[in-house]
Structures are given as C-alpha cells and as structure tokens.
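A short worksheet on the structure shown next.
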Amino acid sequence: MQQRYVVPGGRRGSVIGDRELDVLGQLVSSGAPLSAGGWREAFERAFADHVGARHALSVTSGTVALDIAIRLLDLAPGDEVVVTPQTFQASIQPLLDLGVTVRFCDIDPLTLNMDPAALEPLITDRTRAVILVHYGGCPADMDAIMKLTRPRAITVIEDSAHALGATYHGRRPGSLADIATFSFHSTKNITTLGEGGMITLDRDDWAERVSRYRNNAVDGVYVHHGTDAAELPAALPWMMFSAEIYDRACAGIRNAGTNATMSEAAAAVGLAQLDRLDELVARRRMIARRLDEAVAAFPGVRPVSAPEGIDHAYHLYTFLVHDRDVRDALLRELDERGVEVQLRYFPLHLTPEWRFRGHGPGECPVAERLWFEQHMNLPCHPGLLDSQVDHLVDALTAGLTAVTGTAANLRGGTAAAV
C-alpha cells in the first residue's frame, strides 16, 4: 500500500547518516559495555544542557518516560489530574491504572494546545497535576498555565515528544514545567534507533527516584541502620549491591522498579542526532513554510502556526479547513494525487477506554469540532526529497483548487474565483 504514495507519511522522522554509523562503529569495536555506559552519560549531559534542565534521564521509550513521570506524582484515589484530549494515547494512559479523577481540558483553536482559559475552571482543591502536550511541536502557553498552577502547588508535566527543536520565548521545552518527557521513536524529530525516551527535571530527589526505578531497583523509602561490622559477611567486597542490602532498611515502597535502561547503541545515535537537530528541524520548517504559502492562497483554510515569540518544531504540519465536506473531499483528492495523510489525533475522551470511565461527547467541544470537521495533517519530515516536497505542494494546490472552486494566485498570494 505504501508504495503507491509519491509522498509517504513519516515512517521515519529523522535521517540517519555517516555520523550515526561512525559512532556505532566506535562503540561496537571498543569492547565497552553495550548497556548503561559512557555514551548514555554523554547523551544525558548533552540533552540536559540543550533543554536547560538540571537532570536528563534516558529510558527505553517516550511511553515509559510518561509512565515514570506520572509515578513520581504518588497519586492516590480521589486526586484529580487535568489533561489534554489532543494527543496520542500514551500521554495519559498510565492514569487508567490509578483511581484518580481525570478531567479533559479543551484546546485553543489557534494552536490545538491546552487552553488556559478552559483549564482554570477545571482546577479544584483536589487537583494534583496537569499533563499537557506541545501539539505538533508548537509549545503551549506555558506562562499562563504555570501562573494558574504554581500558586496551588499543582505539578505540571509537559509531554514534549513533538517539541524537540522548538523554543518558547527563548527557552526550550523540557525546562518549562516541573517534569518533561520526550520520545525518540522512529517518527520523532530525532531518534535513538527506533525507540527511546528522556525525562528532564530539576529536583534532585525526583532524579534519584527515576534513576532507581529505571535501573531495576525498588523506588522505596530507605533509612540507614548502621549494621555492625561484625555482622557483615567476609565476602562483602565481592557482592553486588552490598551497601544497599546490608546498610539500609526499607521504610516504604512506592514502585517496584523495572529495567528501562537505554542501550549504549541507542544513546550513541541519540547524541549524534542531537548534534544534527538544528539541521533536521530547519528542513521541517522549510517544508512547513512552503505548505503555509500554498494554504494561505485559498479562502476557508488556515495553517496552525506558532504565536509570536515561539518557534515551531513542526513534528506535525497541521492546517484547518473550515467546512467538513471540503475537508473530506480534500482528503480524497490528496490520496488520489499520491499524498499519504495521517490525521492525528482522535480526541482521547471519546476513545472506548475513556468513555468506559465516564467521558463522552460535549466535554471538549472545540477539540471535537476541529477534529471531526476541520483537522488536516500533511507529511513534513526531513526524509522527503526536494522532488517529493514539490509534488506535495503541487498536489495540495491542485486539491484545494478542486475542492474550494478557486485557483491560487501564486504571485499575489491570494485566491481568485474560478
């Protein structure tokens, strides 16, 4: 099926080249460990420096990063969490395991991010956390959101899976809230060989908990009990984890822990990809500019653009068509012209599992209206060749001409009636 598309969707959101192959060769020939070594440490340091966070801790996927971030909150039955419906299911899926109340916050129609005006009335004295997403790579209105949450001691998690390479008034996603998570899935702005994730935060105690949890250690509360030297076995120096076993007592268990260790090969590629981030995002922005120009030439359609002071990373290219029949006709036109369209994402509060939890239509009217009537995504990834980008723009222009009954005036940037 994929072969028929001249412009495919983003099976890979990044480009692997000689630099990545070189570091893999260095690692494999070095004899160094292939798990939890120097490459992981270097990648984490570079990533923390890049986003401006005190700590960056790598894990095996963005989904695992979100799961661990939510576990840090120590949520209990009766707690409330406010979330966005405009995201992939992994952003909030761990909440299904917890006895908490989830409130879906409607989105800003200009950016498709969580709307601070809709957030405020959802906050109660039981609200413990807000989980937001920088949709498509456009940072949310963090100043307004943090202004609402900081005085109430509400923890904010920014799912930054789309936003690596973006900026928000001179700062980077990953340092805009209390905890941030990233994905290095094959489709994301950089990849660590198909899967991988990162958690960034500033609190030392949380960093210690994440480190224990991802390294197959119990996330517990420990106290030193001062074991008498006479009680220690003679083989102590040769025993793994001897200090933890013999000099600490466990006063409570928060999470059992797991193995979420990023491999050295993944970290090595991640470090090389991070060095190329500006180049990769620049390619995305070039494609987005060309698509913006095509969209702007027609009435009744508009791109989802970043507000002033914000640089969009364009993990997704999104625009809105202000008529459902026109949108649906355009989908068919693009498909017939060889452009693969993948609409993202179905409103989460309407998915079966969240409907089972009591959510349903009317809860987020803006998100529902935009998704079912107006929402469009187009391929926008650095793996597209120049010829494919040309085809994409030509197909979009021809498709819009066919469904809107207007022809673009490419020189004037306006639409003329046919």
Any residue in the range 206-215 that is within 35 Å of the chain's Cα centre (by Cα) and free of Cβ contacts under 8 Å to residues at least 12 places away in the same chain?
yes
When the range 120-148 is checked residue by residue, the ones that are buried (at least 22 other Cβ atoms within 10 Å of the Cβ) and more than 21 Å from residue 318 (Cβ to Cβ) are 129, 130
Whether any residue in the range 183-203 is modelled with pLDDT of 95 or more, touching an Asp or Glu at 6+ places or on another chain (Cβ under 9 Å), open to solvent by 40 Å² or more (accessible area, probe 1.4 Å) and over 27 Å from residue 261 (Cα atoms) is what I want to check.
no
Residue 393 versus (1) β-branched (Val, Ile, Thr); (2) closer than 26 Å to residue 187 by Cα; (3) open to solvent by 30 Å² or more (accessible area, probe 1.4 Å): which is the lone unmet condition?
(3)
I'd like to check something: does the range 240-260 contain any residue that is of a type in the set (Lys, Arg) and either at positive phi or touching a residue at least 24 places away in the same chain (Cβ under 8 Å) (or both)?
yes
Given the structure, is residue 137 over 22 Å from residue 364 (Cα atoms) and small (Gly, Ala, Ser)?
no
Those residues that are hydrophobic (A, V, I, L, M, F, W, C) and not in a loop (DSSP other than H, G, I, E, B), I need them from the range 147-180; list them, please.
148, 156, 157, 179, 180
Selection over the range 1-22 where residues are more than 30 Å from residue 334 (Cα to Cα) and surrounded by fewer than 18 Cβ atoms within 10 Å (Cβ to Cβ) yields a count of 5
Condition check: surrounded by 17 or more Cβ atoms within 10 Å (Cβ to Cβ), among the small types (Gly, Ala, Ser), assigned to a helix (DSSP H, G or I) and under 19 Å from the mean Cα position of the chain (by Cα). Does residue 267 satisfy that?
yes
Across the range 276-326, the tally of residues that are touching a strand residue (DSSP E or B) at 6+ places or on another chain (Cβ under 6 Å) and more than 26 Å from residue 173 (Cβ to Cβ) stands at 5
Within the range 337-407, considering only helices (runs of 4 or more DSSP H) that don't extend past its boundaries, which have at least 3 residues that are among the β-branched types (Val, Ile, Thr)?
386-404
Condition first: touching a Gly at 6+ places or on another chain (Cβ under 6 Å) and surrounded by 23 or more Cβ atoms within 10 Å (Cβ to Cβ). Now tell me which residues in the range 298-323 satisfy that.
312, 313, 314, 315, 316, 318
Filter the range 96-119 down to the residues that are more than 15 Å from residue 154 (Cβ to Cβ) and in a helix (DSSP H, G or I), then identify the one that is most open to solvent (accessible area, probe 1.4 Å).
97
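The values are calculated or read from the model by the stated rules, or taken from the named source; none is laboratory data. None of the values given here were measured: they were computed from a predicted structure. We place every Cβ from the backbone using ideal geometry, glycine too, and count neighbours over all the protein chains shown. The accessibility values were calculated without ligands, DNA or RNA, using every heavy atom of the protein model including side chains. Shrake-Rupley method; radii C 1.70, N 1.55, O 1.52, S 1.80 Å.
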